[in-house]
1. Add -39500 (n - 2.57) for each DSSP H run of 4 or more in the chain, then divide by its residues: what number comes out at 222 nm, to the nearest 500 deg cm²/dmol?
2. Which is the longest part of the chain that has none of the GluC sites (Glu not before Pro) sitting in a DSSP loop with at most 15 other Cβ atoms within 10 Å?
3. Just in segment 142-192: which trypsin sites (Lys or Arg not before Pro) are loop by DSSP and have at most 14 other Cβ atoms within 10 Å?
4. When DSSP beta bridges are limited to those with both residues in the chain, what percentage is antiparallel, rounded to the nearest 5?
5. Mind checking which aspartates and glutamates have their Cα closer than 15 Å to the Cα of K99? Skip sequence neighbours fewer than 8 apart in that chain.
6. Pick out, from T104, A36, Y168, the residue whose Cα sits farthest towards the positive end of the charge dipole of the chain, with +1 on the Cβ of Lys and Arg and -1 on the Cβ of Asp and Glu.
7. Can you list the trypsin sites (Lys or Arg not before Pro) in segment 50-119 that are in a DSSP coil and have 15 or fewer other beta carbons within 10 angstrom?
8. Please report, in debye to the nearest 20, how large the charge dipole of the chain is about its Cα centre when each Lys and Arg carries +1 at its beta carbon and each Asp and Glu carries -1 there.
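Bear in mind that the values in this text are calculations on the coordinates, not laboratory data. Since the structure is predicted, the reported quantities are computational estimates derived from the model, not experimental observations. Cβ sites come from the backbone with ideal geometry, for glycine too, and all protein chains shown count toward neighbours.
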Amino acid sequence: MADLKLLTERVVEKERAALRQKVEQAKIAAAEDVLASQTAEVAKRQQLKDDVKEKVEKEYVIKTNTLEIKKRNNILSAKQNLLNKIFVDTKDKLDTLDKSTFQTFVLNVFQNFENEKEITLIFGEKSRDLIDTVWIKENAPENLSVRISDETISKKSGLIVGKDDIDYNFVFDILVEELKSDILSEISNELF
């Protein structure tokens with residue numbers, strides 16, 4: 001019986017040892033699972049941080065670019081407004097030329113028609129009173145017959161020269177518009 005008891009104790013001890021080993025292996029496996037889980041969670045958190053950082057950086061770049069474009073557009077708009085004001089001011093100044101300056105302008109126009117026989121002048125409404133027939137007779141080239149039309153160009157300054165059914169336009173706001181495209185880049189370069 002003592003042998004049986006000893007044998008039983010050895011079997012029980014063997015089973016206990018096997019059970020302890022299984023428990024140890026289970027603990028090791030559980031610790032490895034926990035470690036793997038923690039490592040995966042750390043990697044997941046890092047990926048989330050990286051994704052958030054990338055998203056924030058993209059939004060920052062987009063907002064920065066948007067602000068740069070807005071700033072550039074505001075500057076261009078301000079420049080365009082300034083250029084438009086220059087041309088409006090130029091037209092206003094030409095609309096209010098004094099008599100002497102306008103007469104000098106007409107003398108320069110006459111030079112374009114010195115070799116012609118006859119022209120007709122149609123004045124802008126704002127310029128009509130700056131020239132009269134006496135001044136024309138005294139200042140027109142000798143071989144040029146100049147007729148002043150009774151009609152005027154409404155709300156304009158400057159004049160139109162009619163010759164052989166062709167009208168040569170010297171109306172100031174139209175001259176400014178024609179010159180605008182030619183001198184716009186030059187003015188822009190000087191101002192900006």
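1. Numbers: 4 runs with 134 residues, N = 192.
For the chain, the value works out to -25500 deg cm²/dmol.
2. Working: sites that count: E114, E125, E142, E151.
Result, exposed sites excluded: 1-113.
3. Values: sites: R147, K155, K156, K163, K180; in loops: K155, K156.
Taking segment 142-192 and a limit of 14 other Cβ atoms within 10 Å, the loop trypsin sites (Lys or Arg not before Pro) found are K155.
4. The answer is about 65 percent antiparallel.
5. Within reach: E125, D129, D132.
6. A36
7. Numbers: sites: K53, K55, K58, K63, K70, K71, R72, K79, K85, K91, K93, K99, K117; in loops: K117.
Passing sites in segment 50-119 are K117.
8. Numbers: 31 positive and 37 negative charges, 420 e Å.
Computed about the Cα centre, the dipole is about 2020 debye.
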